[in-house]
Amino acid sequence: MTSVPTPIPSRTQVVLDAIKHRILTGLLTPGQALVETELAAQFGVSKTPVREALKTLAGTGLVVMSQYKGVTVRMVDADMAREVYDVRLLLEPEALRRAVARGASLDAARDALARADAATDTAERSLANREFHRALYLPCGNPLLGRMLDEVRDQAALVSAVAWAADPSWEREAAEHREILRLALDGDADGAAGALHAHIGSFVRRAFPELPPAEGHQ
């Protein structure tokens with residue numbers, strides 16, 4: 001008998017989404033303590049949905065649970081960025097190559113790019129940027145590959161949020177996004193994948209210049 005995943009209760013999901021949004025838009029910063037009683041009071045719920053939401057966020061790598069320090073937003077350092085972005089460099093360009101080769105619709109990517117261009121604050125732009133990248137890899141035709149990239153998506157967004165706070169580089173990245181999408185819409189699978197690889201690699205080199213080049217990505 002196949003086991004069916006237990007759905008997250010709606011109240012927990014609301015708390016989960018709200019905390020994640022605050023983390024990914026910089027309202028909750030790396031290293032900041034997340035106190036169950038305070039969050040429960042803010043959201044008007046008991047501690048139970050807050051506790052369950054924090055456990056889920058720990059599973060996705062956005063928060064860290066410690067017996068001594070309690071729950072904190074995950075710190076971002078060069079090693080963490082290297083791990084996350086190395087996975088992206090290995091998998092995301094190939095997923096886009098496959099999506100373009102199979103003629104998948106990229107309407108969602110075009111819509112996300114338009115939302116990013118029209119965004120009036122960092123939070124909106126960050127979330128639209130996240131959706132743009134997901135819309136490129138999700139129609140790759142391999143659901144497992146899509147899920148693997150989804151697993152590092154939140155951690156990648158956390159790295160980006162920290163980097164953008166230190167050095168906003170929206171305009172440069174928006175131009176790179178437009179070029180990636182143009183190549184993809186033209187049906188140039190290899191060109192789009194190459195542009196995406198260069199885009200991801202250049203971002204992490206700018207944000208964390210102390211990192212040596214990843215093996216195979218010099």
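Output yes when any residue across the range 3-12 is in a loop (DSSP other than H, G, I, E, B), open to solvent by 50 Å² or more (accessible area, probe 1.4 Å) and in contact with a Leu (Cβ under 8 Å, 6 or more places away or on another chain), and no when none is.
Scanning the range 3-12 turns up at least one residue that is in a loop (DSSP other than H, G, I, E, B), open to solvent by 50 Å² or more (accessible area, probe 1.4 Å) and in contact with a Leu (Cβ under 8 Å, 6 or more places away or on another chain).
How many residues, within the range 95-123, are assigned to a helix (DSSP H, G or I) and buried (at least 19 other Cβ atoms within 10 Å of the Cβ)?
Number satisfying all stated conditions: 9.
Quickly run through the range 37-58 and pick out the residues that are surrounded by fewer than 21 Cβ atoms within 10 Å (Cβ to Cβ) and touching a residue at least 40 places away in the same chain (Cβ under 8 Å).
GLU52, THR56, listed by residue number.
Restricting to the range 59-86, what's the tally of residues that are of a type outside the set (D, E, K, R), loosely packed, with under 15 Cβ neighbours inside 10 Å and out of contact with any Leu (no Cβ under 9 Å at 6 or more places or on another chain)?
Residues in the range 59-86 being of a type outside the set (D, E, K, R), loosely packed, with under 15 Cβ neighbours inside 10 Å and out of contact with any Leu (no Cβ under 9 Å at 6 or more places or on another chain): 5 in total.
The values are calculated or read from the model by the stated rules, or taken from the named source; none is laboratory data. Just so it is clear, the model here is predicted, and its values are computed rather than measured. Glycine gets a Cβ as well: all are built from the backbone with ideal geometry, and neighbour counts include every protein chain shown. Protein only, heavy atoms only, side chains kept; ligands, DNA and RNA dropped before computing areas. Shrake-Rupley method; radii C 1.70, N 1.55, O 1.52, S 1.80 Å.
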